[in-house]
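Here the structure is laid out as structure tokens; the discussion comes afterwards.
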Amino acid sequence: MTNATKLALEESLKRLLLKKPLDKITINDLTTDCGISRMTFYYHFKDKFDVIHWIFYTEITPILEESFSINHWEEGLLALFHYMQENRKFYVNILRFHGQNSFIECLMEFYENLAKKMLVESNPSRNFSQQELK
């Protein structure tokens, strides 16, 4: 039931974003559209931005992890751009929102972690300290 609820909330958010901007969508809009209680929503997510982050990590991360490497990073970016183009209405709407918890923040955090991973993998004989990786 957990994944089914998360997927229902994902689809609901995507539907609602076709009608109005992210900053106008409320938790009540999501729960009403899904036919679930607010408590059920909060059991799965802390806020609507958490839903967006979940979407990112369940949809985009597998695409990037499959094709991203130190020697083929261009292919990973191209795969990401194709995916975002296919789902452009959703991504255009969430990219319009700026500030704390924005999708851009989530994307930058992901790329920062990916860059660190690529740095470590490209220098296997070197032990990087946590300070160097910050």
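Report ³J(HN,Hα) in whole Hz for each residue of segment 120-134, in order, from the Karplus equation J = 6.51 cos²θ - 1.76 cosθ + 1.60 where θ = phi - 60°; Gly and Pro get x.
These are the phi-based 3J(HN,Hα) values: 5, 5, 7, 10, x, 8, 9, 9, 7, 7, 4, 5, 5, 8, 7 Hz.
When all protein chains stay in place, what accessible area (Å², nearest 10, 1.4 Å probe) is found for residue 83?
30
Which aspartates and glutamates does residue 24 reach when only Cα atoms under 19 Å apart count, and residues fewer than 8 places away in its own chain are ignored?
10, 11, 33, 47, 50
Please find, in a Gaussian network model of the chain (springs between Cα atoms separated by less than 10 Å), the residue of 87, 28, 123 whose mean-square fluctuation is greatest.
Of 87, 28, 123, the most mobile in the Gaussian network model is 123.
Calculate the FRET efficiency for residue 58 and residue 132 from the Cβ-Cβ distance with a Förster distance of 41 Å, rounded to the nearest 0.05. Don't skip to the answer; put the middle values down first.
On the way: r = 31 Å, r/R0 = 0.75.
It comes to 0.85.
Which entries of 20/89; 48/134; 14/117; 6/116; 89/117; 20/48 have Cα-Cα distances beyond 23 Å here?
Among 20/89; 48/134; 14/117; 6/116; 89/117; 20/48, the Cα-Cα distance tops 23 Å for 48/134; 14/117; 6/116; 89/117.
Nearest 500 deg cm²/dmol is fine: what mean residue ellipticity at 222 nm does the chain get from its DSSP H runs of n ≥ 4 alone, each adding -39,500 (n - 2.57), divided by its residue count?
Mean residue ellipticity, 222 nm, calculated: -20000 deg cm²/dmol.
Which ³J(HN,Hα) values, rounded to whole Hz and listed in residue order, are derived for segment 35-51 from phi using the Karplus coefficients 6.51, -1.76 and 1.60 in 6.51 cos²θ - 1.76 cosθ + 1.60 with θ = phi - 60°, glycine and proline given as x?
x, 10, 7, 4, 4, 5, 4, 5, 5, 9, 9, 8, 6, 5, 5, 5, 5
Per residue Cα convex hull volume for the chain, in cubic angstrom?
Once divided by residue count, the hull of the chain is 129 Å³.
How long is the gain from residue 81 to residue 15 if the chain were fully straight, where each residue apart is worth 0.36 nm and the alpha carbon distance is subtracted?
Working: separation 66, 0.36 × 66 = 23.76 nm, distance 2.12 nm.
Gain on stretching residue 81 to residue 15: 21.6 nm.
The values are calculated or read from the model by the stated rules, or taken from the named source; none is laboratory data. None of the values given here were measured: they were computed from a predicted structure. Don't worry about glycine lacking a Cβ; one is built from the backbone with ideal geometry, like all the others, and counts go over all protein chains shown. The area values use the complete protein model at the heavy-atom level, side chains included, leaving out ligands, DNA and RNA. Shrake-Rupley method; radii C 1.70, N 1.55, O 1.52, S 1.80 Å.
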